[in-house]
Amino acid sequence: MYFTGKRVLVTGASRGIGFEIARNFIQAGAQVAVNGSNEKSVDAAIKELNKAKQTVAAPGNIGTVAGCESTVRKAIEAFGGLDILVNNAGVGAGRPIADCDEAMWDAHCDVNLKGLFFCCRAAIPELRKSGGNIVNIASDAGLMGVPGITVYCGTKGGVVNMSRAMALEIAPDVRVNCVCPGYVDTDMIRTTTKKKPDPEAYWQKMIDYAPLKRIASTDEIAYAVMYLASDNARFITGTSLAIDGGTTAGK
Ligand SMILES: NC(=O)c1ccc[n+]([C@@H]2O[C@H](COP(=O)([O-])OP(=O)(O)OC[C@H]3O[C@@H](n4cnc5c(N)ncnc54)[C@H](OP(=O)(O)O)[C@@H]3O)[C@@H](O)[C@H]2O)c1
């Protein structure tokens, strides 16, 4: 896939899945605005990407409307427009319902739902001009219920359905799609694993969770994002693509 001349903003690109999405777009010729929650994490990522001419720093807190707007503005000002928005920034923590407090609820809703919506709102006028598209990162936990991560499931289910509604509202100008990964080897699941009484057993449980019996790599998610963002997917909008080793196919 070629993205030469395409202007891309990836939120939460300082680490993990977002970093790999940014790396792959750059490799395919795109210019990429790299977002993370702070300047330090973004600068470190840009240094690692090592493609100064194709990258621009767009740090900002996606958990606030002001942070979303300034992030999108930085990308548009740097590139003179925008072709692709990838809403990847996200937080995820597992807790039984009784232990979920207001701070946890707010943190999940602010970044995973509110931030995603307001990045879209800020980017849509430019995406209409360029005939661009949006790819949202949800989760397999947005397609089914998973006990122990109820709040996360709520936000990711919201991303799936919000993507559909948005796709209808801004068609035919802008396409909106969604990718639903299963477990992916990033800090998000490694941090959770470390906190478990038996980390090795927990890791094995995650491997066994998918019918294909492994954890995904970040590039496997990036390839799906790039397909949906590409012209090859020009008749696709409002869809959710599960990259989950078969987990949501059924029992
Ligand atoms: N890993 C999985 O198993 C998995 C499975 C399904 C879906 N997902 C989804 O995939 C996406 C990426 O997950 P990941 O595993 O790559 O996570 P990760 O390794 O924890 O990285 C999270 C990224 O999001 C950024 N971020 C978090 N809060 C932010 C905020 N308030 N403002 C701006 N950026 C913020 C982080 O930036 P800083 O480092 O700068 O804070 C970082 O770049 C998330 O939406 C997640 O829910 C992950």
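The values are calculated or read from the model by the stated rules, or taken from the named source; none is laboratory data. Everything numeric in this text was worked out from a predicted model, so none of it was measured. Here Cβ is always computed from backbone atoms with ideal geometry, including for glycine, and neighbour counts include all displayed protein chains. We work out accessible area using only protein heavy atoms, side chains counted, and drop any ligands, DNA or RNA first. Shrake-Rupley method; radii C 1.70, N 1.55, O 1.52, S 1.80 Å.
So what is the relative contact order of the chain, in percent, for Cα pairs below 8 Å that sit 6 or more residues apart? It rounds to 19 percent for the chain.
Measuring only protein heavy atoms, the 1.4 Å probe finds GLU126 accessible over about 40 Å².
Compare the peptides 7-16, 138-147 by average per-residue count of other Cβ atoms within 10 angstrom and give them in order, highest first.
7-16, 138-147
Taking a point 7 angstrom from the Cα of SER130 along the C-beta vector, which residues in region 167-190 have backbone N less than 14 Å away? What the label zone holds, given the 14 Å backbone N cut-off, is 174-175. When the alpha carbon gyration tensor of the chain is reduced to an equivalent ellipsoid, its three semi-axes come out at 28, 19, 18 angstrom, largest first. Computed from label points 7 Å out along Cα-Cβ, the spacing between ALA28 and PHE235 is 2.0 nm. Run a plain Debye calculation on region 135-212 (Cα atoms as equal point scatterers, no solvent) and give log10 I(q)/I(0) at q = 0.22, 0.23 Å⁻¹, rounded to two decimals, same order as the q list. Cα-only, vacuum Debye calculation for region 135-212: -1.03, -1.09. Model label sites at GLU169 and ALA103, defined 7 Å from Cα along the beta-carbon direction, differ in position by 3.2 nm. Close amide H contacts of VAL176 (hydrogens built in the peptide plane, cut-off under 5 Å, sequence separation of 5 or more or a different chain): ILE134, GLY238.
Of the residues SER139, GLY158, ALA28, the one whose Cα sits farthest towards the positive end of the charge dipole of the chain is ALA28 (charges of +1 on Lys and Arg Cβ, -1 on Asp and Glu Cβ, taken about the Cα centre). Our coupling estimate for region 237-251, obtained by passing each phi through the Karplus curve with A = 6.51, B = -1.76, C = 1.60 and θ = phi - 60°, is 8, x, 9, 10, 9, 7, 10, 9, x, x, 4, 8, 6, x, 9 Hz, Gly and Pro reported as x. Stretching THR191 away from ARG214 to a fully extended chain increases their span by 6.5 nm, per 0.36 nm per residue minus the current alpha-carbon distance. Relative to the globular-protein estimate of 2.2 N^0.38 Å, the Cα radius of gyration of region 105-251 stands at 1.10.
With all protein chains in place and ligands, DNA and RNA left out, the 1.4 Å accessible area ranks LYS51, LYS129 as LYS129, LYS51, largest first. Distance between the 7 Å Cα→Cβ label points at ARG121 and MET1: 2.8 nm.
Net charge of the neighbourhood of THR191, taken over other residues with C-beta under 14 Å away and scored Lys/Arg +1, Asp/Glu -1, is +4. What the phi angles of region 221-236 give under the Karplus curve with 6.51, -1.76 and 1.60, with θ = phi - 60°, is a coupling list of 7, 4, 4, 5, 4, 5, 4, 5, 7, 7, 5, 4, 9, 5, 9, 10 Hz, glycine and proline written as x. The phi torsions of region 153-164, fed into the Karplus equation with coefficients 6.51, -1.76 and 1.60 and a -60° offset, translate into couplings of 4, x, 6, 6, x, x, 5, 4, 6, 5, 5, 5 Hz, rounded to whole numbers, with Gly and Pro shown as x.
Each listed q (0.20, 0.22 Å⁻¹) maps to a log10 I(q)/I(0) for region 30-122 from the Debye sum over equal C-alpha point scatterers, namely -0.94, -1.07. Each Lys and Arg adds +1 at its Cβ and each Asp and Glu adds -1 at its Cβ; summed about the Cα centre, the chain shows a dipole of about 380 debye.
Among the listed pairs LYS156/LYS213; LYS156/LYS205; LYS51/LYS74; LYS53/LYS129, which have their C-alpha atoms separated by more than 20 angstrom in this model?
On the way: LYS156/LYS213 23 Å; LYS156/LYS205 22 Å; LYS51/LYS74 18 Å; LYS53/LYS129 24 Å.
Beyond 20 Å: LYS156/LYS213; LYS156/LYS205; LYS53/LYS129.
The convex hull around the C-alpha trace of region 1-56, projected and averaged over every direction, spans 3.2 square nanometres. The C-alpha radius of gyration of region 45-181, expressed as a fraction of 2.2 N^0.38 Å, stands at 1.10.
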